[in-house]
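Asker: Pasting a structure here, questions to come.
The values are calculated or read from the model by the stated rules, or taken from the named source; none is laboratory data. Note that the structure is predicted; figures quoted are calculated from it, not measured. Reconstructed Cβ throughout: ideal geometry from the backbone, glycine too, with neighbour counts over all protein chains shown. The protein model used for the area step is the full one, side chains on, heavy atoms only, and it has no ligands, DNA or RNA in it. Shrake-Rupley method; radii C 1.70, N 1.55, O 1.52, S 1.80 Å.
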Number of protein chains: 2
Amino acid sequence: MIVSPFEQAVLGSDAETLVDQLLEIGIALSASQSLEELLHLILTKSRQITASDAGTIFLVQRQTDAAVLEFKAAQNDSVALPEQVQETTIPLTPTSLVGYAALTGKSLNIADVYALEGREVYQFNRSFDEALRYRTCSVLVVPMQNVSGEVIGVLQLINRKRSPHTLLTPETTVSLTQPYSPWEEHIVRSLASQAAVIIERNHLLESIEQLFEGFVTASVQAIEVRDPTTAGHSERVAALTVRLAEITSATSRGVFREVSFSDRQLQEIRYAALLHDFGKVAVPEAILNKQKKMFPEQLEIIRQRFALVRRTLEMETAQAKVNYLLCHPHTVHSPEQACHHCAFLRHLDEELRQQLQILEEYWQLLELANEPQILDQEPLARLQELTQFYYRGTDGELHPLITARELEQLLVRRGNLTQRERRIIEAHVTYTYQFLSRIPWTPHLKDVPLIAYGHHERLNGSGYPRGIGAAEIPLQTQMLAIADIYDALTAKDRPYKKSLPVAAALKILWQEAKEFKINPDLVELFEQQEVFRVLGHQR
Amino acid sequence: MIVSPFEQAVLGSDAETLVDQLLEIGIALSASQSLEELLHLILTKSRQITASDAGTIFLVQRQTDAAVLEFKAAQNDSVALPEQVQETTIPLTPTSLVGYAALTGKSLNIADVYALEGREVYQFNRSFDEALRYRTCSVLVVPMQNVSGEVIGVLQLINRKRSPHTLLTPETTVSLTQPYSPWEEHIVRSLASQAAVIIERNHLLESIEQLFEGFVTASVQAIEVRDPTTAGHSERVAALTVRLAEITSATSRGVFREVSFSDRQLQEIRYAALLHDFGKVAVPEAILNKQKKMFPEQLEIIRQRFALVRRTLEMETAQAKVNYLLCHPHTVHSPEQACHHCAFLRHLDEELRQQLQILEEYWQLLELANEPQILDQEPLARLQELTQFYYRGTDGELHPLITARELEQLLVRRGNLTQRERRIIEAHVTYTYQFLSRIPWTPHLKDVPLIAYGHHERLNGSGYPRGIGAAEIPLQTQMLAIADIYDALTAKDRPYKKSLPVAAALKILWQEAKEFKINPDLVELFEQQEVFRVLGHQR
């Protein structure tokens, strides 16, 4: 009987090597960063300690209707494997070797698969051999079982070689290979199960990472539902910011030559960008969605008040006529007859007409002032007149045509928000920071709150809410700020603003950069490297 | 030289046992479910294969100012260990054996720690020995290193015994123990590092689970910020639902004797309960926070309209007087003089007075109808009159005093929402389901969307949005529904409703159960087992 190198090791001289290998495999499997790496490792190592020429791994994929075995990895020392074989699945039935092992949880240790005589439920499928011009002889198929005994995959080792370094041809295979020993079966099965446990753990980790990712996205979408003017904004800003960060990181010359972001830092940047407007959930939607200077209900109240004023003027005129007629008896006469009483009444009518005309002009002025564009100086001065126009209300008191608060709203010089409303909107940044700070971020995501916090700060200190300057604004935040402005300018969904073409948006970014509000070097990279292409924009 | 059982194994006869043990340890470490289990395992197994009498594990804790070594696990065959020793930390300095190993990454293999002659930077601290009446002799201290070589902890094995099963006394220790072999050092160090890799991986998994948990909580808080009437509602409902599920699960008699929820299912229930109102983010806050039948701005518009109608009536009366006086010349006379013209004018004034009084009554009726309580039949009938009251607007057209839409709002019989508004509020359940369905839940959380979806369904089919019946409502959802109702009744923060005492809330739950809206058996458990105590409520 030939003693294999493996058995030699177990039985004596090479014991140290074997034990070392097993320990190393244990650490390497536990430390594997991806499924691909882990499968490659278990295949390489189990082939190494058994001197196998080839090996394959199938994983069980549970689909809605049935489970299948998916071909996940293959290695072969003697022939080159085709690439596309990786995508194959085979039905999970006991008629194949791997299917049998997966369904029964039993190992198969076969000296020569070509000698199978059809008495077993499983059969060897020679089609791969024929396609590759290969001769499979000895085979060891072991299930990969998790701690509950569930089979999550199958490891198949092929052609136990007498000497580890020989290459096989269909003609030499039978003479250069030998069956797997029970010892090898035992150890490989154990390693396969260790791999199974780690695959499951890694899979759980990935699932929870995806779960978190999915919940972040769903929350962002949920929050944007309230504010249709910014739907999709967070995702776009995240895409732009990450792209800008990648480019900055890749730049080997200029001011950014020493800046480098790891994958984990890019992930941190991405979450900060996705969540930068999270605090908007705490801003009343009436203010978030406000489109003119007045809220629609406010304008309706003022419209009613103008009607009331008109009726009041009409009533006062009629009353003046009554008072006049009570003191100045009026004789019925033909329309042609001159009558100074009638002349006086017409005078009252004329006064009313003039007043109503002024009222109508005021209304038009008010509608004009209600638009969010910047007001000229002249209508602005006339707006003040409206507060000087008093009428007598139904309570008998005098009231101004528009109140001081309404005037304040109409006098807003830029945009459509009063100072108070702007402060409320601006508070969303602080809310974002507060919400994000309460979340127990993993160490490599710990700066998510801080990066998001500064996205409305400006390098020259003119931003909000803290008014901090360049030295205190992280580079990641400076990128986020540029992405945020760019998207606000080019987004197609702001009702009160036209979306700008790329060139116009870049021009505005440059203006801001010249005032040292945003980082000019980043704007330069943004333009030169066409970061906006991640949104499908063309220059 | 004495050959240890371990070396015997490696060198020959017992090789199978050793290899088997190493493979088993690999699987067991990978499969460990908690840090405690893993530390216990590595300590037990490494003591076993080295025949060590005792062992301790310290983990490096990085604190804000400095790192320390935290005593995490200890085992000793010969003396009982005190409980509170578990909480100890020691400074991370090279003067202790474990500190030295942690800082240098080197192993220490010492034949007798009492023979250390003070030439080394590290010293053995005898205080534990003295306190426990123990004699530490041979010691093996190995760093637990992750794949980057970073030391995350230290494993210390104490007193390598000549025979695994002897117990040691201070007097026998020196003769019954021996030094650790280089082989043992090598293998233990390797196992310790494998444990380190797995500890880190498990820690990452826990961190991400906490991150997810934290983000769920932050999102729920963020959403509740918009709707102060339900602040804290989600957390309270989650606490109640989980408690009810635990009790149902623990019940061994009655209809629920076969119901049992695993920890994972309880987690699923908890997330469903936390997120059941997530969809409210898509409901406009004006409707969410609506307190009366009219929105405040609507009432203000109607108030202005009433003023306009009043002025219109006054104007029309004055105009009628003018028309009369133009046709009926009126002579100035003393007040005492009877004058049929004046009598007619007074008649017009009297008509106006009556109309204004009606208008005033209508206003009071309207304010009454605006309250959310159930309206009596009589005011309801009079409300209809308001739509029959027309006035001539400034456009010269006739308009009703209140519009059909306003009447519909005022005619709401129960609560303060119109059908349309109620449908929008009710849609939050569908939004919840849609949002949650988009999230890639891990397999054991896959029913979170479904459990949350049915929380307004009722067993008799009278719920919404699907109107499904008992058979289609998961038991978890039936629990959630009861918790939701209970909290809505007892919460202290609904402005338009008083919070009910526990007994009154239970009475309402029983009413609902009698109509077979909610599950009577669950209500019984809820009451008997005082589930509400999780909120600090007393019967």
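Asker: Output the residues belonging to region B:143-165 that are closer than 17 Å to B:ASP53 by Cβ and either without any contact (Cβ under 8 Å) to a residue 60 or more places away in the chain or charged (D, E, K, R) (or both).
Answerer: Answer for region B:143-165, where residues must be closer than 17 Å to B:ASP53 by Cβ and either without any contact (Cβ under 8 Å) to a residue 60 or more places away in the chain or charged (D, E, K, R) (or both): B:ARG160, B:LYS161, B:ARG162, B:HIS165.
Asker: Moving on. Of all the residues that make up region A:159-182, how many are β-branched (Val, Ile, Thr), open to solvent by 50 Å² or more (accessible area, probe 1.4 Å) and assigned to a loop (DSSP other than H, G, I, E, B)?
Answerer: Residues in region A:159-182 being β-branched (Val, Ile, Thr), open to solvent by 50 Å² or more (accessible area, probe 1.4 Å) and assigned to a loop (DSSP other than H, G, I, E, B): 1 in total.
Asker: Could you list, ordered by first residue, the pairs with Cβ atoms under 9 Å in which the first is in region A:48-63 and in a helix (DSSP H, G or I) and the second is of a type in the set (Val, Ile, Thr), at least 6 apart or interchain?
Answerer: A:ILE49/A:ILE25; A:ILE49/A:ILE187; A:ILE49/A:VAL188; A:THR50/A:ILE187; A:THR50/A:VAL188
Asker: Filter region A:304-351 down to the residues that are closer than 30 Å to A:GLN409 by Cβ, touching a residue at least 24 places away in the same chain (Cβ under 8 Å) and out of contact with any strand residue (DSSP E or B) (no Cβ under 8 Å at 6 or more places or on another chain), then identify the one that is farthest from the other protein chains (Cβ to nearest Cβ).
Answerer: A:PHE306
Asker: Does A:SER127 satisfy the condition of being in the same structural domain as A:ALA196 (by TED's automatic domain parsing) and in contact (Cβ under 8 Å) with a residue 24 or more places away in the chain?
Answerer: Criteria not met by A:SER127.
Asker: Based on what the data block shows, is B:GLU426 modelled with pLDDT under 90 and either open to solvent by 30 Å² or more (accessible area, probe 1.4 Å) or assigned to a helix (DSSP H, G or I) (or both)?
Answerer: no
Asker: Would you call B:ARG189 in contact with a Ser or Thr (Cβ under 9 Å, 6 or more places away or on another chain) and more than 7 Å from chain A (Cβ to nearest Cβ)?
Answerer: In short, yes.
Asker: Restricting attention to region A:121-139, and to residues there that are outside any loop (DSSP other than H, G, I, E, B) and touching a Leu at 6+ places or on another chain (Cβ under 9 Å), which single residue is surrounded by the fewest Cβ atoms within 10 Å (Cβ to Cβ)?
Answerer: Applying the filter and picking the extreme gives A:GLN123.
Yes or no, residue by residue, for (1) of a type in the set (Val, Ile, Thr); (2) under 30 Å from B:GLN61 (Cα atoms):
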site	(1), (2)
B:GLU120	no, yes
B:ARG133	no, yes
B:THR136	yes, yes
B:VAL141	yes, yes
B:ASN159	no, yes
B:SER163	no, no
B:THR166	yes, no
B:VAL174	yes, no
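Asker: Please verify whether B:GLU224 is assigned to a loop (DSSP other than H, G, I, E, B), of a type outside the set (Ser, Thr, Tyr) and either within 13 Å of chain A (Cβ to nearest Cβ) or farther than 20 Å from B:LEU535 by Cβ (or both), treating the condition exactly as stated.
Answerer: Taking the combined requirement at face value, the residue does not satisfy it.
Asker: While we're on this one: Does A:VAL142 meet the test of being more than 9 Å from chain B (Cβ to nearest Cβ), open to solvent by less than 40 Å² (accessible area, probe 1.4 Å) and modelled with pLDDT under 90?
Answerer: Taking the combined requirement at face value, the residue does not satisfy it.
Asker: Let me ask you something else. Which number in (1) in a helix (DSSP H, G or I); (2) more than 16 Å from A:ALA320 (Cα to Cα); (3) open to solvent by 50 Å² or more (accessible area, probe 1.4 Å); (4) not basic (Lys, Arg) marks the one condition that B:GLU316 misses?
Answerer: In the conditions (1) in a helix (DSSP H, G or I); (2) more than 16 Å from A:ALA320 (Cα to Cα); (3) open to solvent by 50 Å² or more (accessible area, probe 1.4 Å); (4) not basic (Lys, Arg), B:GLU316 misses (2) alone.
Asker: Applying the selection to region A:192-207, what residues are surrounded by fewer than 21 Cβ atoms within 10 Å (Cβ to Cβ) and within 9 Å of chain B (Cβ to nearest Cβ)?
Answerer: A:GLU200, A:ARG201, A:ASN202, A:LEU204, A:LEU205, A:SER207
Asker: If I ask for residues that are within 26 Å of the chain's Cα centre (by Cα) and either β-branched (Val, Ile, Thr) or open to solvent by 60 Å² or more (accessible area, probe 1.4 Å) (or both), which ones from region A:509-520 would you list?
Answerer: Within region A:509-520, just A:ILE518 meets the criteria.
Asker: What's the number of the only condition in (1) touching a strand residue (DSSP E or B) at 6+ places or on another chain (Cβ under 6 Å); (2) more than 10 Å from chain B (Cβ to nearest Cβ) that A:LYS293 fails to meet?
Answerer: Among (1) touching a strand residue (DSSP E or B) at 6+ places or on another chain (Cβ under 6 Å); (2) more than 10 Å from chain B (Cβ to nearest Cβ), the lone unmet condition for A:LYS293 is (1).
Asker: On to the next question. In region B:208-223, which residues are free of Cβ contacts under 8 Å to residues at least 24 places away in the same chain and open to solvent by 20 Å² or more (accessible area, probe 1.4 Å)?
Answerer: B:GLU209, B:GLN210, B:GLU213, B:GLN221 - these are the residues of region B:208-223 that are free of Cβ contacts under 8 Å to residues at least 24 places away in the same chain and open to solvent by 20 Å² or more (accessible area, probe 1.4 Å).
Asker: Return the residues of region A:260-281 that are at pLDDT below 90 and either open to solvent by 20 Å² or more (accessible area, probe 1.4 Å) or more than 8 Å from chain B (Cβ to nearest Cβ) (or both); say none if nothing qualifies.
Answerer: Passing the criteria: only A:LYS280.
Asker: Just to check your reading of the model, which residue among B:LEU459, B:LEU410, B:LEU489 is touching a residue at least 40 places away in the same chain (Cβ under 8 Å) and either within 22 Å of the chain's Cα centre (by Cα) or not assigned by TED's automatic domain parsing to the domain that holds B:LEU366 (or both)?
Answerer: Being touching a residue at least 40 places away in the same chain (Cβ under 8 Å) and either within 22 Å of the chain's Cα centre (by Cα) or not assigned by TED's automatic domain parsing to the domain that holds B:LEU366 (or both) holds for just one of B:LEU459, B:LEU410, B:LEU489, which is B:LEU459.
Asker: Of the numbered conditions (1) under 21 Å from A:LYS290 (Cα atoms); (2) in the same structural domain as A:ARG466 (by TED's automatic domain parsing), A:PRO440 fails exactly one; give the number of that condition.
Answerer: (1)
Asker: Scanning for something within 14 Å of chain A (Cβ to nearest Cβ) and surrounded by 15 or more Cβ atoms within 10 Å (Cβ to Cβ), does region B:449-460 turn up at least one residue?
Answerer: Checked region B:449-460: at least one residue is within 14 Å of chain A (Cβ to nearest Cβ) and surrounded by 15 or more Cβ atoms within 10 Å (Cβ to Cβ).
Asker: Which is more than 20 Å from B:GLU206 (Cβ to Cβ) and buried (at least 20 other Cβ atoms within 10 Å of the Cβ), of B:GLY118, B:GLY55, B:GLY105?
Answerer: Going through B:GLY118, B:GLY55, B:GLY105 in turn, just one is more than 20 Å from B:GLU206 (Cβ to Cβ) and buried (at least 20 other Cβ atoms within 10 Å of the Cβ): B:GLY55.
Asker: Turning to a different aspect of this structure: Within region A:378-400, restricting attention to residues that are in contact with a Pro (Cβ under 9 Å, 6 or more places away or on another chain) and not in a loop (DSSP other than H, G, I, E, B), which residue is farthest from A:LEU410 (Cα to Cα)?
Answerer: A:TYR391
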